[in-house]
Amino acid sequence: MNRSRLVPYGLIALSFVPVVAGAFRVTELASGAPVDDANARFFAQPLPVVLHIIGATVYCLVGAFQFDAALRRRRSRWHRVAGRVLIPCGLAVALTGIWMAVFYDLPPVDGLGVMALRLVFGGAMALAIVWGFVCVRRRDFTAHRAWMMRAYAIGLAAGTQAFTHLPWLVSGNVPDERGRFVAMAAGWLINLAVAEWFIRRSRRRPAPARVTAGPPVPASSTLPG
């Protein structure tokens with residue numbers, strides 16, 4: 001398999017846990033499962049969480065293929081059409097995440113620290129998507145690529161957070177408020193650090209030939225948007 005194809009499939013694999021968990025939650029809401037302390041807030045106000053789950057599923061799975069350089073070169077129109085779908089999905093993820101952090105009765109273990117993290121990273125994701133869109137409209141494809149990569153890294157953090165919670169899962173314990181904060185923050189920060197590494201690495205490569213005619217997006221534009 002072409003090495004460039006490994007990246008999107010790796011991202012899809014990282015999305016597996018949150019996508020499955022989201023599907024379970026939507027099924028629970030649709031089937032009228034018993035209401036308990038863990039899901040009462042979702043039954044009381046289901047729309048935000050359903051929009052969040054659907055948006056995140058599309059954003060993570062479809063967005064992963066924006067990293068396939070061979071696909072972008074052969075089907076640049078697909079890249080643009082997918083971007084038009086991913087931008088509203090990504091904004092839905094960010095904004096519903098902020099809304100739920102503020103208005104849902106969250107579990108006590110989350111605390112104000114986790115709430116603050118959701119507000120900061122949700123806001124950062126929304127701003128990165130908007131600025132990435134502005135950059136592509138200006139035909140600044142290098143900046144577009146960088147900002148969309150940062151937004152995707154934030155959006156995919158739920159997959160990484162499944163691993164940062166592993167120490168408690170393996171030990172059979174539940175993290176306390178501080179442990180929850182560390183595990184959640186680590187997921188976002190790890191993803192952003194990897195994204196920044198890729199962004200800097202790509203900027204050291206020779207610039208592609210300048211496109212002077214036609215609308216196709218150049219190969220340097222790799223990410224949702």
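The values are calculated or read from the model by the stated rules, or taken from the named source; none is laboratory data. Worth saying up front: this structure is predicted, and the values here are computed from it rather than measured. A quick note on method: Cβ atoms are made from the backbone with ideal geometry, for glycine too, and the neighbour counts reach across all protein chains shown. Note: areas computed on protein heavy atoms with side chains; ligands, DNA, RNA excluded. Shrake-Rupley method; radii C 1.70, N 1.55, O 1.52, S 1.80 Å.
Tabulated data
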{"item": "Dipole of the chain [Lys/Arg +1, Asp/Glu -1 at C-beta], most positive-end residue of Cys89, Ala185, Ala143", "result": "Ala143"}
{"item": "Per residue value of the accessible surface for the chain (all protein chains in place, 1.4 Å probe), Å²", "result": "56 Å²"}
{"item": "The chain: most fluctuating residue of Phe16, Phe163, Phe24 per GNM, C-alpha cutoff 10 Å", "result": "Phe24"}
{"item": "Among Leu47, Leu127, Leu189: highest mean-square fluctuation, GNM of the chain, C-alpha pairs under 10 Å", "result": "Leu47"}
{"item": "Cα-only radius of gyration and Dmax that characterise the chain, units Å", "result": "18.4, 60"}
{"item": "Choice from Met149, Met125, Met115 showing the highest fluctuation, given a GNM over the chain with Cα pairs closer than 10 Å", "result": "Met115"}
{"item": "Portion, in percent, of the accessible area of segment 19-127 that falls on carbon or sulfur, probe 1.4 Å", "result": "71 percent"}
{"item": "Using a Förster distance of 45 Å, the FRET efficiency for Val35-Arg178 (Cβ separation, nearest 0.05)", "result": "0.95"}
